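The values are calculated or read from the model by the stated rules, or taken from the named source; none is laboratory data. Quick caveat, the model's predicted, so the values are computed rather than measured. With ideal geometry, Cβ positions are generated from the backbone for all residues, glycine too; neighbour counts draw on all protein chains shown. When the accessible area is computed, the model is the full protein with side chains, heavy atoms only, and any ligands, DNA or RNA have been set aside. Shrake-Rupley method; radii C 1.70, N 1.55, O 1.52, S 1.80 Å.
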Amino acid sequence: MKTRKRGLNLLLAVALVASVLSGCGSTEKETEGNKPSAAADNVSKEGFPVVKEPLSLMMMGPDVGIQQWDKMLVFQEMEKLTGIHMEFQNAPKNSFETKKNLVFASGTFPDIFYAANLTPAEQMNYGEQGILLPLENLIDGGYAPNVKKILNQNPDIRKSITAPDGHIYALPVIEFNQPWYRNPLWYNGDYLKALGITKLPETTEELYTYLKRVKNEDPNKNGKPDEIPLSSASPGNSLRDIRTWLLGAFGIYDEEIYVDDKDKVHYTPIEAGYKEYLTYLNRLWNENLLDHESFSQTAEQREAKARNNQLGLFSAWTAFQMMGEEPNTNDPMFNPVKSDFVDKPAISKNKGVNPGAFAISKTNPSPEASMRWVDYAYSIDGATLFNKGPEGVLWKYTDKTNYVKEYLPVPDGGDREEYRSKITPNYGIPAPTINLPEIDKGLLGSVDAWVANETKTKLLDRGARIPYPVLFLTPEEQAEVTTMTSDLNTYLSQMEAKFVTGAEPLSGWDKYVDTIKKMGGERMAEIYQAAYDRWKAS
């Protein structure tokens, strides 16, 4: 969910910092955000339709390229239910960030920003300018009963979406039902069987032994030395898709910032555990156990290797999708391993909150109606509609009282997910809603149950936790972080590749750490420590 030209990114970051520091528009924000709109009398706080007289609003959101939002059944159903007609201002997902920034700079705004992935910095910046309206009075004033209930039951979510000035400028995606921090690693089950392995590795040495056997013992049985023990694919971010799981073997929860069990915040790239991780990866690289195309290949190139049965361990949403197979339970999920450096592996889980999914602009003629419209997506019925489409198209209830469902045949006989992508916006973008177990009740098969059990036993039951909560920095902190981040990230990406491949020997570690400290690495930890302390105390 994004590659952009570095120059444009830097210019936008500078502009953002300048705007944040200016803090302009607060009086306008207070006035427009907290008084009822002229159209408030047209809005009902309970029941449907939402409006007494028809209302038309303009919504801006990212388009994944296979959808026509004005023809989506979900929006048509929502219009019938609420009386609110939506018109759309879309931009392709890959260029949406640029389009979004241009719209904010233009002075002409849509009524609603939908799945716009507004960062905390953007929320503060445009909220302080009065472009984005505060939402907390709408939430607490009866226009969002579902959202209010969720926030009351989960105070950490309210803390995470509340800016330092006390306002909520955007609603999040709430993912209670998705625990993965990143896509898991998966073992090639056929390789395990061919090698006679019945117990998955539990330590880095046992993992090394498995990878070594994959390389040397021809587990795909084609008589060629074409097996690739471990492979990654994330151009521009080095080993991102395998980094989290291997860092965990050395006690580190996240690649940048994480908080430990004693509430101390760490900046990963200067931690001793990160050096141990680099040392281990360099060992794998030198023995050709880590794919030498990991720093350059695309996801599609890696997938081609998987489908050619060449990979022994890889990251994916599911192994069978990566390998082009029918759903099965042959390929076990990676069991997080530990090194001699720690007593147990660090295991990360999803933060459960993706901020910045829904915001209302100052030119919106009826913020009350807009809030009631989106609030439905945070109920069980509404979340089901946005996730699965209307009842009777791809699914139906078999026991509505208990939310039990069954799938219907795909209307055109094609792929279910492809058809779903055409009837709901909740596909490939951070659409504002809540992910609940009731949504999939009755629809999950034996493979889904197996994946859920793998997740439970290998991650959740072993103490998986959030590395660092979703929270806001102050404008001053955000400006400082923005200034440091670009150069730091560029340097860190280059040095990870150099250390792993041996282009830079690990004997240069102390010099590398000194460089990072001069670039602001220690200051990053200080800033995020202060923000975390505020968040925890709030």
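Taking every protein chain into account, the accessible area of the range 129-269 amounts to 38 square angstrom per residue (probe 1.4 Å).
Taken over the range 222-340, lysine pairs spaced eight or more positions apart, or on distinct chains, with alpha carbons under 25 Å apart number 6. Of all DSSP beta bridges located in the chain, what percent are antiparallel, nearest 5? That works out to approximately 55 percent antiparallel.
The tail of the calculated P(r) for the range 205-247, taken as Cα-Cα distances beyond 13 Å, holds 62 percent of the pairs.
Over the range 464-538, the hull volume per residue, using the convex hull of the C-alpha atoms, is 117 Å³.
Report, in deg cm²/dmol and to the nearest 500, the calculated mean residue ellipticity at 222 nm for the chain, where each DSSP H run with n ≥ 4 adds -39500 (n - 2.57) and the sum is divided by the residue count. Spell out each step's value before the answer.
Working: 20 runs with 220 residues, N = 538.
The per-residue figure over the chain is -12500 deg cm²/dmol.
Here the 3J(HN,Hα) profile of the range 148-165, calculated from phi with Karplus coefficients 6.51, -1.76 and 1.60 at θ = phi - 60°, is 4, 4, 4, 5, 5, 7, 9, x, 5, 5, 4, 4, 6, 9, 9, 6, x, 7 Hz, Gly and Pro shown as x.
Could you work out the Rg to Rh ratio of the range 97-235, with Rh taken as the Kirkwood radius (inverse of the mean 1/r over all Cα pairs)? Present the calculation step by step, with values, prior to reporting the outcome.
On the way: Rg = 24.9 Å, Rh = 20.0 Å.
So for the range 97-235, dividing Rg by the Kirkwood Rh gives 1.24.
Per residue, the convex hull spanned by the alpha carbons of the range 259-354 comes to 176 Å³.
Taking max minus min of the alpha-carbon positions on each principal axis, the range 202-286 gives extents of 52, 29, 18 Å, largest first.
In whole percent, and with a 1.4 Å probe on the protein chains, what portion of the accessible area of the chain is carbon and sulfur?
Numbers: 11750 of 23630 Å².
Answer for the chain: carbon and sulfur cover 50 percent of the accessible area.
Enclosing the Cα atoms of the chain in their convex hull gives a volume equal to 152 cubic angstrom per residue.
For the range 437-538, what does the relative contact order come out to in percent, with C-alpha contacts under 8 Å and a separation of six or more? If you can, show how the numbers build up before the last one.
Values: 24 pairs, mean separation 35.2, N = 102.
Relative contact order comes out at 34 percent.
If you take every residue apart from Leu57 with its C-beta less than 11 Å away from the C-beta of Leu57, what net charge results, scoring Lys and Arg +1 and Asp and Glu -1? Neighbour charge sum, excluding Leu57 itself: -3.
Please find the FRET efficiency linking Lys536 to Asp412, where r is the Cβ-Cβ separation and R0 is fixed at 60 Å, and quote it to the nearest 0.05.
0.70
Ranked by the mean number of other Cβ atoms within 10 Å of their residues, highest first, the peptides 489-496, 224-231, 117-124 fall in the order 117-124, 224-231, 489-496. Identify the residues of the range 276-316 with backbone N under 19 Å of a label point that sits 7 angstrom from the Cα of Ala194 along the Cα-to-Cβ direction, or state none. Taking a point 7 Å out along Cα→Cβ of Ala194, the residues of the range 276-316 whose backbone N falls under 19 Å are 288-292, 302-315.
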